[in-house]
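Asker: Below is a structure I'd like to ask you about.
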Amino acid sequence: MDAYDIFKKLTKGLSFSSKNKMPKDRPVKELAKENVPVLHEIGENEVVKTPKKRERDDSIMLMSGMNHGEKPEGKKRKLLSEEQLESKKLLLEKEEVNHYRNLNNISVVGRRVPNPARSFEDLNVDKDIVSNLIKCGYDEPTPIQKQAVPIMLEKRSLLACAPTGSGKTAAFLIPIIHHLKTPQRQGFRALILCPTRELASQTQRECLRLSEGRGLKIHIISKVNKAISQYGPKSNQNYDILITTPNRLCYLLKQDPPGIQLGNVQWLVIDEADKLFEDGSRSFRDQLNQVLEACNNNDRKIAMFSATHTPVVAKWCVHNMPGLIRVTVGQRNAATDTVDQKLQFVGSEQGKLIALRDLIRQGITPPVLIFVQSKDRAQQLFNELIYDGIMVDVIHADRTQTQRDNVVKCFREGKIWVLICTELMARGIDFKGINLVINYDFPPSAISYVHRIGRAGRAGRRGQAVTFFTEEDTPLLRSIAYIVKESGCEIPEYLLTLKKKSKKEAKKMAKKAPARDDITTVPLYDRIKGGKKKKFREIEKRMRDKDPKSKKNGKINKNNKKNNVKVKKISFKKKPLGKLNKSK
């Protein structure tokens, strides 16, 4: 009797199925009824213990002559096919890429999205561009550059949203410079649209630095009349990149014949896209259609960049940009976490000037930006601070382009410590090392707030932002209070429990700024008195223009009633003015 026969007899009547397990201890009588043979005589009350699985396996291997750990010849491990190994490898690689995106707070939406780059070497761009980036102070790619540059290098349409100061300008300039390679007499091959000329000038400077050594011709439209002759049909087409604002470009396109040719444009980039698509400037959509008709190259691609996300831009991109990839860094419409934010209650409009002077008295570290809601209020605040012993200047739309350029230049060079500005400077302008942003007038929307305070805390530096608010600003306060809290700054809890404004009310307030008192320290009585004198002088001049003969008198005679000229809308006199005195 060999080992197989012994094993067969020992296991007769036993089942190794997991469903029908035998109890561990069974009486001998029950085994006898089932005709299970035993190898020796057993007492009446003795029980037979069922061996454990490992003991059974060991006994089987000993009886069959197999060593411990050796597998039977019939059971061999199945090998994976090459396709299965490749799919498993791709799955592991995808998990690793998603983990890396999560570490950098990058989220993407789209098909066949390229993997993010981890260094400048992984970007697969020319070495001279990498060396220029290092010269400009970049140690490694920022999160938006890690994901946006590989997408644009594959010539895919892109909608990118990243916080202020995160390197969006370099993110779209790097692939454009890489694609254009060297100068060619084919006209403009890349077009970049910016909402303001200041931002366009800044983008041009950055483009010149990154393209150093390539000889690319980078232009900005400064004077429209000069541009017609410079870029018209008779020009030599010796230019490559155009950076401008929509209004100037569309003026050239409306000429007959068009004052500029855009038939060879390969890349159309729209910077600060949400600003151009705002409700207050709906005409840009018509302008954009006009630009797209002029850029009739079949290989043309579109890329949009902004620090804030709006549904209007996203909807337009989905309908007009095939193969779109959407990239978002961090949370949408969130303020940068490198700025320490503070909301300060000042009571009334008069309390703002007191709070500002108190802030200056405590000590501020220039450079400082102060935002107000209108150009008139900017000039009023400038008139108040000009005699306070600080280097201050003002920039707004009423100043000439030369004056604005000079102010920006002096502010960059440190000749101006405090710059008073409107929303004109809230978008994209990069001033190195802004230490403090003061919202003198409350921002009209949460998006405006994000862009304003984003002038500080750029490129990893720390900054501060102080926002004054009064009782009139309560409807707008709650949304901005949530932004401050999400950024990790302390805020009173009662601000989060304020009544939420309706969408209709929010749109109305975003379009039209609230009426505010003038920024001045002149007493109210003197202002009224001065206003009366000014009004009277204006009316006197108007009357003289109507009756030339009255100029001989030099003044208006209130008591003479020979003239039938009437004066209307006089608010500072209970009785109307008298008639003009005709000369005899």
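Readers should treat all values here as calculations from the given coordinates under stated rules, not as data from a laboratory. Quick caveat: nothing in here was measured; it's all calculated off a predicted structure. Note that we place each Cβ from the backbone using ideal geometry, even for glycine, and neighbour counts take in every protein chain shown.
Asker: Can you give the local net charge around Q237? Use residues other than it whose beta-carbon is closer than 15 angstrom to its beta-carbon, Lys and Arg +1, Asp and Glu -1.
Answerer: Neighbourhood net charge equals +3.
Asker: Highest mean first, how do 419-432, 443-456 rank when packing is the count of other Cβ atoms within 10 Å averaged over residues?
Answerer: In descending order of packing, they fall as 443-456, 419-432.
Asker: Which links in K315/K499; K342/K415; K315/K504; K375/K415; K342/K432 stretch past 24 Å when you go from one Cα to the other?
Answerer: K315/K499; K342/K415
Asker: Listed highest first by mean packing, meaning other Cβ atoms within 10 Å per residue, what order do 353-366, 292-305 come in?
Answerer: Descending mean neighbour count gives 292-305, 353-366.
Asker: Among A335, L353, V312, whose Cα projects farthest towards the positive end of the dipole of segment 311-358, with charges put on the beta-carbon of Lys, Arg (+1) and Asp, Glu (-1)?
Answerer: Going by the Cα projections, it comes out as V312.
Asker: Report relative contact order for segment 339-511 in percent, whole number only (criteria: Cα-Cα under 8 Å, sequence separation at least 6).
Answerer: Relative contact order of segment 339-511: 29 percent.
Asker: For segment 341-350, what does the Karplus curve 6.51 cos²θ - 1.76 cosθ + 1.60, with θ = phi - 60°, yield as ³J(HN,Hα) per residue in whole Hz, taken in order and with x for Gly and Pro?
Answerer: Working through the residues one at a time gives 9, 8, 9, 10, 7, 10, x, 9, 5, 5 Hz.
Asker: Related question: List the residues, sorted by chain then number, that are 5 or more residues from L436 or on another chain and whose placed amide H is less than 5 Å from its amide H.
Answerer: Residues meeting the amide H criterion: L369, Q464.
Asker: Want the number for T11 to A459: 0.36 nm per residue separation, take away the alpha-carbon distance, what's left?
Answerer: The T11-A459 span can extend by a further 153.6 nm.
Asker: Tally Lys/Arg at +1 and Asp/Glu at -1 over every other residue whose Cβ is under 13 Å from the Cβ of C489; what's the total?
Answerer: Taking every Cβ under 13 Å from that of C489, the sum is -1.
Asker: Given K275/K511; K135/K217; K155/K223, which pairs have Cα atoms separated by over 23 Å?
Answerer: Correct reply: K155/K223.
Asker: Further question on the same structure: If you take the beta carbon distance between E93 and K432 as r and set R0 to 45 Å, what does 1/(1 + (r/R0)^6) give as a FRET efficiency, to the nearest 0.05?
Answerer: Between E93 and K432 the formula returns 0.70.
Asker: Under unit Cβ charges (Lys, Arg +1; Asp, Glu -1), what dipole magnitude, rounded to 20 debye, does segment 339-511 have relative to its Cα centre?
Answerer: Taking the Cα centre of segment 339-511 as origin, the dipole is about 640 debye.
Asker: Rounded to whole Å, give me the distance from the Cα center of segment 347-397 to that of segment 121-138.
Answerer: Cα centroid of segment 347-397 versus Cα centroid of segment 121-138: 41 Å apart.
Asker: Read phi for every residue in segment 225-232 and hand back ³J(HN,Hα) as whole Hz from Karplus 6.51 cos²θ - 1.76 cosθ + 1.60, θ = phi - 60°, with x for Gly and Pro.
Answerer: 4, 5, 5, 4, 7, 7, 10, x
Asker: How charged is the neighbourhood of T328? Take every other residue with its Cβ under 14 Å from the Cβ of T328, and add Lys/Arg as +1 and Asp/Glu as -1.
Answerer: Result for the local shell: +4.
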